[in-house]
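**Student:** Structure provided below as structure tokens; questions to follow.
The values are calculated or read from the model by the stated rules, or taken from the named source; none is laboratory data. All values reported here derive from a predicted model rather than from experimental measurement. Cβ placement follows ideal geometry from the backbone for every residue including glycine, while neighbour counts extend to all protein chains displayed.
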Amino acid sequence: MKIYRLINESQNYAWGDTKFIPNLLGEKNKKNLPYAELWMGAHSKLPSKVVEGEEAMPLDQLIEADPEIFLGDEVAKKFHNSLPFLFKVLSAASPLSIQAHPNKKMAEEGFARENSLGIPLDAPFRNYKDDNHKPEIICALTDFTAMKGFRVIDAIIENFNSTNIDELITIAKTLDSNNPEESLRLFFKSLFEIDNDIIEKICFELKRNSSKSLEFKWVKKLLEFYPNDIGVLAPLYLNLVELKPNEALYLGAGELHAYLEGSGMELMANSDNVLRGGLTPKHIDLVQLNAVLEFCSSEVNIIRPEQVGVESIFTTPSDEFLLTMIDVDGVVELPAQNSISIMICVDGEIEAKDFREIIFSVERGNSFLVTPGEEPIVFSGKGRIYRASVPLV
């Protein structure tokens with residue numbers, strides 16, 4: 001296996017935090033910009049650059065030129081000579097949009113349809129930026145709050161009744177635990193058909209609600225950002241999840257979700273397809289969102305890492321990616337792998353050595369690419385690394 005340093009770019013979305021990613025990278029944020037995501041991968045929108053000597057080449061171009069060398073023969077064959085994952089550091093100071101991602105078939109159909117209509121890839125009203133699905137895992141680096149999946153129907157009814165708002169109590173009556181899928185579909189549709197003047201009235205009354213519950217705490221916090229957005233009700237019908245550092249969530253196709261605040265490692269299939277349903281000034285397409293959503297109640301499964309060899313593994317059903325963590329304290333040998341890896345150091349100072357006996361100094365915020373090979377990588381020092389790779393049997 002061979003090590004290359006990576007140069008990555010950040011996305012300065014409005015919801016990003018001004019401190020976490022710059023601090024991780026050891027950079028000064030003189031313009032006080034919101035650093036939302038640091039991308040590590042080969043997505044054509046923002047590919048990493050691979051450093052060798054004095055040259056830095058985009059990773060997508062290197063993979064295209066020699067896929068088996070950079071991906072490994074199994075990965076190259078299985079994923080048609082492309083890197084199947086996208087690795088990110090995500091940092092949210094304010095809530096992200098309520099959203100869901102399409103499955104693979106829907107992504108292919110939606111991408112082809114919008115191409116046939118001549119919609120530019122960078123058009124703000126485009127839904128499908130590529131033809132891939134986007135399962136993902138988020139692993140908390142700080143305390144992290146998210147919403148994920150519909151609550152059980154009885155809990156939604158109880159939350160809506162507790163608002164004491166007639167319009168919301170009426171909508172909650174559409175829910176039926178004996179017919180969960182269709183009633184959740186009707187419930188969700190009814191929310192987004194409320195007239196704007198009624199939404200303003202609802203939001204005004206929600207601000208006066210005296211409940212001290214976590215759900216209403218978040219409703220009121222969302223109202224600060226989006227004072228007249230029906231999406232502020234989401235904590236009442238979606239599961240609220242509070243992750244501690246090193247706890248994770250997996251999100252499959254069609255799961256309605258939103259990240260509310262915190263920083264974490266995000267790993268997903270190599271896609272940028274997002275269908276939004278509120279809490280955003282960006283394009284919302286409720287027809288497409290409803291088409292991809294899974295209308296079912298679900299319990300939240302928090303993923304905790306399992307130690308296997310020198311790595312702690314966050315297990316998911318994804319074929320495209322595997323997230324692991326390596327704690328280095330002394331000397332640690334990562335066995336040979338037949339998959340490309342992208343790694344980032346989030347704490348400490350480490351030295352990494354590949355088969356060439358070249359020693360790379362790795363500090364907090366440094367990221368690097370490891371190509372497949374028959375030789376191990378040796379780490380020494382003290383620190384923590386997160387690693388993205390492709391699971392191979």
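**Student:** When the residues of the stretch 108-148 are narrowed to those that are aliphatic (A, V, I, L, M) and closer than 21 Å to ALA388 by Cβ, which ends up surrounded by the most Cβ atoms within 10 Å (Cβ to Cβ)? Explain how you work it out, then say what you get.
**Tutor:** Taking the stretch 108-148 and keeping what is aliphatic (A, V, I, L, M), we get 112, 117, 119, 121, 123, 137-138, 140-141, 146-147.
This time we only want the ones that are closer than 21 Å to ALA388 by Cβ, so: 137-138, 140-141, 146.
Values: ILE137: 22, ILE138: 29, ALA140: 22, LEU141: 22, ALA146: 25.
Step by step, filter the stretch 108-148, then rank; the result is ILE138.
**Student:** Another question about this same structure. For the stretch 120-154, which residues satisfy the criterion of being in contact with a Leu (Cβ under 9 Å, 6 or more places away or on another chain) and without any contact (Cβ under 8 Å) to a residue 24 or more places away in the chain?
**Tutor:** If the condition is that a residue be in contact with a Leu (Cβ under 9 Å, 6 or more places away or on another chain) and without any contact (Cβ under 8 Å) to a residue 24 or more places away in the chain, then ASP154 is the only one that fits.
**Student:** Specify which of the listed residues (VAL362, VAL308) is more than 17 Å from GLU74 (Cβ to Cβ) and surrounded by 17 or more Cβ atoms within 10 Å (Cβ to Cβ).
**Tutor:** Values: VAL308 fails: surrounded by 17 or more Cβ atoms within 10 Å (Cβ to Cβ).
When all the criteria are applied, what remains is VAL362.
**Student:** Could you list, in sequence order, all residues of the stretch 56-66 that are surrounded by 15 or more Cβ atoms within 10 Å (Cβ to Cβ) and either of a type in the set (Asp, Glu) or not in a strand (DSSP E or B) (or both)?
**Tutor:** LEU59, ASP60, LEU62, ILE63 - these are the residues of the stretch 56-66 that are surrounded by 15 or more Cβ atoms within 10 Å (Cβ to Cβ) and either of a type in the set (Asp, Glu) or not in a strand (DSSP E or B) (or both).
**Student:** In the stretch 43-51, is there at least one residue being free of Cβ contacts under 8 Å to residues at least 24 places away in the same chain and buried (at least 21 other Cβ atoms within 10 Å of the Cβ)?
**Tutor:** Yes, the conditions are met somewhere in the stretch 43-51.
**Student:** Would you point out the residue of the stretch 1-55, among those that are among the charged types (D, E, K, R) and assigned to a strand (DSSP E or B), that is modelled with the lowest pLDDT?
**Tutor:** Of all residues in the stretch 1-55, those among the charged types (D, E, K, R) come to 2, 5, 9, 17, 19, 27-28, 30-31, 37, 45, 49, 52, 54-55.
After this cut, where a residue has to be assigned to a strand (DSSP E or B) as well, the list is 5, 9, 17, 37, 49, 52, 55.
On the way: ARG5: 95, GLU9: 96, ASP17: 97, GLU37: 97, LYS49: 98, GLU52: 88, GLU55: 92.
Among those that are among the charged types (D, E, K, R) and assigned to a strand (DSSP E or B), it is GLU52.
**Student:** Which residues, counting only those in the stretch 247-289, are over 15 Å from the mean Cα position of the chain (by Cα), part of a loop (DSSP other than H, G, I, E, B) and of a type outside the set (D, E, K, R)?
**Tutor:** Initially, the stretch 247-289 is screened for residues over 15 Å from the mean Cα position of the chain (by Cα), giving 277-289.
Narrowing further to those that are part of a loop (DSSP other than H, G, I, E, B): 277-285.
GLY277, GLY278, LEU279, THR280, PRO281, HIS283, ILE284, listed by residue number.
Rundown of residues vs (1) part of a helix (DSSP H, G or I); (2) among the aromatic types (Phe, Trp, Tyr); (3) within 19 Å of GLU299 (Cα to Cα), yes/no style:
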residue: THR163; (1), (2), (3): no, no, no
residue: GLU167; (1), (2), (3): yes, no, no
residue: CYS203; (1), (2), (3): yes, no, no
residue: PHE216; (1), (2), (3): yes, yes, no
residue: LEU222; (1), (2), (3): yes, no, no
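**Student:** Follow-up question, since we're still on this one. Identify the single condition in (1) free of Cβ contacts under 8 Å to residues at least 40 places away in the same chain; (2) assigned to a loop (DSSP other than H, G, I, E, B); (3) more than 30 Å from the chain's Cα centre (by Cα) that ILE198 does not satisfy, given that it satisfies every other one.
**Tutor:** (2)
**Student:** Can you pull out every residue in the stretch 93-140 that is part of a strand (DSSP E or B) and touching a helix residue (DSSP H, G or I) at 6+ places or on another chain (Cβ under 9 Å)?
**Tutor:** GLN99, ALA100
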